[in-house]
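The values are calculated or read from the model by the stated rules, or taken from the named source; none is laboratory data. Nothing here was measured: the structure is a model prediction, and the numbers come from that model. A quick note on method: Cβ atoms are made from the backbone with ideal geometry, for glycine too, and the neighbour counts reach across all protein chains shown.
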Amino acid sequence: MKIAVAGTGYVGLVTGTCLAEMGQTVVCFDVQEEKIAALQQGRSPIYEPDLEQLIEKNMEAGRLSFTAEEKEAYGEADIVFLAVGTPEKEDGSADLTYIEAAVSSIAQNMTKDIVLVTKSTVPVGTNERMRVMIERWKPRFLRASVISNPEFLREGSAIHDWFYGDRIVIGASEADREAAELLIRLYEPLGIPIVRTDLASAEMIKYASNAFLATKISFINEIANICEKVGATIDDVAYGIGLDKRIGSHFLRAGIGYGGSCFPKDTKALVQIAGNVQHQFELLEAVIQVNNHQQALLVEKAKQYMSLRGKNVALLGLAFKPNTDDVREAASIVIANRLLAEGAHVVAYDPIATNNAKRHLPSSVRYARSVTEAIRDADAAFIVTEWDVIKQTPLSVFREKMRIPIIFDGRNCYSLEEAKQANVTYVSIGRAAVVGEGCEVKKGKY
Ligand SMILES: NC(=O)c1ccc[n+]([C@@H]2O[C@H](COP(=O)([O-])OP(=O)(O)OC[C@H]3O[C@@H](n4cnc5c(N)ncnc54)[C@H](O)[C@@H]3O)[C@@H](O)[C@H]2O)c1
């Protein structure tokens, strides 16, 4: 069986590489020729732990190849995994231009019956429309089945998630029952529970999962904001509620909100999907609003402590979360722009995502090569991404290197006890502020 993958981004590259690791013969195609050129030399255009080693291993074994030629990718394929982007349009709905272009190309280049497997996140009803599209465009004597197989990987642990995911969702219409069974056999060696459903339900499972997780994050952030006002501590509160098995402890970490390429766009798309059938998804609208507010909150808090005008501010972490180079919809972008608007000088540090961030941040942002370089002589530090290298920097180093050791931690990386011991001023989320002795920073005085 020959497998092709359309799109070599976070999802496509992981899918292709992991399928090859499972023993399949896989060719990955992308419209970006420079990505393919890098991959042909065994270099991954994205950062994902263990990915480059697996690419190299499977290329050497002759199971994994890359091409920028559509004919070479789709001409021999039995199964095509679709992993192209579905970014957000201005009105919040999903842009399906790349999906349509890929389906058209597959239809024009296929030479045998194929199973088209949609990994991209697409609005409910899209796979059904894709069935109609490919039916219209493909050679009449060939058959094309369409399966919805939404992806649940988390950037930063994508390889692990492929092999140890919680579930695999396979949606298909009755007419494509055999294709669904073929896919089930492909995934069976993983031993992951498989949810077999119709196309619309599979599509909905993906959006509903992301919407629920986003809701959990906005919920705990709201609780954290209330905790600050009533004198409770979010760590204890989150632990206390998370022990309830009906709730669970995951996604109950208060912080500066969710970002990345999925939650922001998928929540907005689901509001649109609901709106299209005259359902106002008020709960999810509130979740989005809370998140927008939360991303900007740290700068607002800082302003209660100090004027940011002319201050040197270290921005620690640019990726939307640790272990990825992805900065799409990262809180760092919102925070950097707000700091600059307040007149601060921003020095940013990220162990991996700096190059990507440079494309999204104003040119006035300067970049450091280490935490210590970023915080040297700084008037304030903002912790935005909880990379190990950031959260493992002892607070005593902040105390030593900064001009005035005041830290606004959007990820609650340190305990209040550590902050007191290091004698720094430490403002985090959902917890009382610690004001270091002799820091000359008192609320509203600096
Ligand atoms: N990134 C994630 O964590 C994640 C998780 C689950 C689902 N998803 C979904 O998977 C899809 C892909 O996401 P991603 O993060 O991998 O995107 P990405 O932007 O990293 O990669 C998309 C790739 O598709 C390529 N492409 C565009 N048009 C193409 C075409 N016609 N043929 C072949 N390649 C084409 C682009 O050049 C790019 O390399 C999206 O729908 C996303 O919502 C992403």
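From the list Ala357, Ala348, Ala381, which one is assigned to a helix (DSSP H, G or I) and not hydroxyl-bearing (Ser, Thr, Tyr)?
Ala357
Tally up the residues in region 20-33 that are within 15 Å of the ligand (Cβ to nearest atom) and in a loop (DSSP other than H, G, I, E, B), please.
Qualifying residue count, region 20-33: 3.
Out of Ala302, Ala286, Ala254, Ala274, which single residue is crowded, with 16+ Cβ neighbours inside 10 Å, more than 30 Å from Ala378 (Cβ to Cβ) and of a type outside the set (Lys, Arg)?
Ala274
Collect the residues in region 222-249 that are part of a helix (DSSP H, G or I) and surrounded by fewer than 14 Cβ atoms within 10 Å (Cβ to Cβ), keeping them in residue-number order.
Matches in region 222-249: Ile226, Lys229, Val230, Asp236, Tyr239, Gly240.
Results for (1) over 16 Å from Lys2 (Cβ atoms); (2) more than 13 Å from the ligand (Cβ to nearest atom), shown as yes or no for each residue.
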{"site": "Leu51", "(1), (2)": "yes, no"}
{"site": "Asn58", "(1), (2)": "no, yes"}
{"site": "Ser65", "(1), (2)": "no, yes"}
{"site": "Ala68", "(1), (2)": "yes, no"}
{"site": "Gly75", "(1), (2)": "no, yes"}
{"site": "Val80", "(1), (2)": "no, no"}
{"site": "Ala83", "(1), (2)": "yes, no"}
{"site": "Pro87", "(1), (2)": "yes, no"}
{"site": "Thr97", "(1), (2)": "yes, no"}
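Counting only residues that are more than 8 Å from the ligand (Cβ to nearest atom) and touching a Cys at 6+ places or on another chain (Cβ under 9 Å), which one in region 1-19 is farthest from Ile79 (Cα to Cα)?
Thr17
Which residues, taken from region 69-91, are β-branched (Val, Ile, Thr), in a loop (DSSP other than H, G, I, E, B) and closer than 23 Å to Ala37 by Cα?
Once the filter is applied, which keeps residues that are β-branched (Val, Ile, Thr), in a loop (DSSP other than H, G, I, E, B) and closer than 23 Å to Ala37 by Cα, region 69-91 yields only Val84.
Could you list all residues from region 172-206 that are closer than 22 Å to Gln24 by Cα and in a strand (DSSP E or B)?
Of everything in region 172-206, just one residue is closer than 22 Å to Gln24 by Cα and in a strand (DSSP E or B), namely Ile194.
Yes or no: region 176-189 includes at least one residue that is small (Gly, Ala, Ser), within 14 Å of the ligand (Cβ to nearest atom) and surrounded by 13 or more Cβ atoms within 10 Å (Cβ to Cβ).
no
Kindly provide the set of residues from region 34-68 that are in contact (Cβ under 8 Å) with a residue 12 or more places away in the chain, part of a helix (DSSP H, G or I), charged (D, E, K, R) and closer than 27 Å to Ala319 by Cα, ordered by number.
Lys35, Glu56
Just to check your reading of the model, which residue among Ala144, Ala94, Ala83, Ala77 is modelled with pLDDT under 95 and buried (at least 22 other Cβ atoms within 10 Å of the Cβ)?
That would be Ala94, the only listed residue that is modelled with pLDDT under 95 and buried (at least 22 other Cβ atoms within 10 Å of the Cβ).
Of the numbered conditions (1) over 30 Å from Leu142 (Cβ atoms); (2) touching a Pro at 6+ places or on another chain (Cβ under 7 Å), Tyr47 satisfies every one except a single condition; which is it?
(2)
Starting from residues that are outside any helix (DSSP H, G or I) and of a type outside the set (Ser, Thr, Tyr), keep the ones in region 323-342 and report whichever is surrounded by the fewest Cβ atoms within 10 Å (Cβ to Cβ).
Filtering region 323-342 for residues that are outside any helix (DSSP H, G or I) and of a type outside the set (Ser, Thr, Tyr), the one surrounded by the fewest Cβ atoms within 10 Å (Cβ to Cβ) comes out as Glu342.
Looking at Phe320, is it part of a loop (DSSP other than H, G, I, E, B), in the same structural domain as Ala214 (by TED's automatic domain parsing), more than 30 Å from Arg376 (Cβ to Cβ) and modelled with pLDDT of 95 or more?
no
Is at least one residue of region 336-350 on the phi < 0 side of the Ramachandran plot, touching a Ser or Thr at 6+ places or on another chain (Cβ under 6 Å) and of a type outside the set (A, V, I, L, M, F, W, C)?
No, the conditions are met nowhere in region 336-350.
Is it true that some residue in region 151-159 is in a strand (DSSP E or B), crowded, with 17+ Cβ neighbours inside 10 Å and touching a residue at least 24 places away in the same chain (Cβ under 8 Å)?
no
Could you pull out the residue among Leu297, Leu252 that is closer than 26 Å to Ile407 by Cα and outside any helix (DSSP H, G or I)?
When all the criteria are applied, what remains is Leu252.
Does Ile170 qualify as being among the aliphatic types (A, V, I, L, M), away from the ligand (no atom under 15 Å from the Cβ) and surrounded by fewer than 18 Cβ atoms within 10 Å (Cβ to Cβ)?
Against the criterion (among the aliphatic types (A, V, I, L, M), away from the ligand (no atom under 15 Å from the Cβ) and surrounded by fewer than 18 Cβ atoms within 10 Å (Cβ to Cβ)), Ile170 does not qualify.
Among the residues that make up region 70-85, is at least one of them out of contact with any Gly (no Cβ under 7 Å at 6 or more places or on another chain), on the phi > 0 side of the Ramachandran plot and in the same structural domain as Ile192 (by TED's automatic domain parsing)?
No: region 70-85 contains no residue that is out of contact with any Gly (no Cβ under 7 Å at 6 or more places or on another chain), on the phi > 0 side of the Ramachandran plot and in the same structural domain as Ile192 (by TED's automatic domain parsing).
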